[in-house]
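Chemist: Quick one: the structure is below, and I'll ask about it shortly.
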Amino acid sequence: MNEKKELHPNSLKNLTYHEGRPQKWGEKKKTRKLTVTETGWEGVVAIAQEQGHSVSELLEMLGRGQLSLQVKDIQQ
């Protein structure tokens, strides 16, 4: 039931510095840990893929104000 997910080619692209390759954001990335439900994770992965980005890049863009969200008012 735990199937391995494919790694997006850009996921680790900017994580470590490689000689001669400029850093996309002008600074090194740092590994982070987050906790999210499987449904939530699958949703974020789907959004990232639709936009042509990795989840890492999607979060980076969101945090830098280069991406905006529209929040739905959902009654639970």
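The values are calculated or read from the model by the stated rules, or taken from the named source; none is laboratory data. For clarity, every value in this text was computed on a predicted model and none was experimentally measured. We place every Cβ from the backbone using ideal geometry, glycine too, and count neighbours over all the protein chains shown. Areas reflect the complete protein model, heavy atoms only, side chains present, ligands, DNA and RNA absent. Shrake-Rupley method; radii C 1.70, N 1.55, O 1.52, S 1.80 Å.
Chemist: Report, ordered by the first and then the second residue, all pairs with beta carbons closer than 9 Å, sequence separation of six or more or different chains, a first member in the stretch 36-64 that is at negative phi and open to solvent by 40 Å² or more (accessible area, probe 1.4 Å), and a second member that is part of a helix (DSSP H, G or I) and among the small types (Gly, Ala, Ser).
Modeler: Pairs that qualify, where the first residue is at negative phi and open to solvent by 40 Å² or more (accessible area, probe 1.4 Å) and the partner is part of a helix (DSSP H, G or I) and among the small types (Gly, Ala, Ser), are SER56/ALA48; LEU59/ALA48.
Chemist: Considering only residues that are without any contact (Cβ under 8 Å) to a residue 12 or more places away in the chain and surrounded by 10 or more Cβ atoms within 10 Å (Cβ to Cβ), which ones fall in the stretch 21-35?
Modeler: Step one: list which residues in the stretch 21-35 are without any contact (Cβ under 8 Å) to a residue 12 or more places away in the chain, which gives 21-24, 26-27, 30, 32-35.
Matches in the stretch 21-35: ARG21, GLN23, LYS24.
Chemist: If I go through the stretch 32-57 residue by residue, how many of them are assigned to a helix (DSSP H, G or I), among the aliphatic types (A, V, I, L, M) and out of contact with any helix residue (DSSP H, G or I) (no Cβ under 8 Å at 6 or more places or on another chain)? So that I can check it myself, show each step before the final result.
Modeler: The first filter runs over the stretch 32-57 and keeps only residues assigned to a helix (DSSP H, G or I), leaving 38-51, 55-57.
Subsequent filtering for residues that are among the aliphatic types (A, V, I, L, M) retains 44-48, 55.
Filter once more, so that each one left must be out of contact with any helix residue (DSSP H, G or I) (no Cβ under 8 Å at 6 or more places or on another chain): 46.
Residues that pass the stated criteria total 1.
Chemist: Now a separate question. How many of the residues in the stretch 65-75 are more than 23 Å from GLU6 (Cβ to Cβ) and open to solvent by less than 90 Å² (accessible area, probe 1.4 Å)?
Modeler: 1
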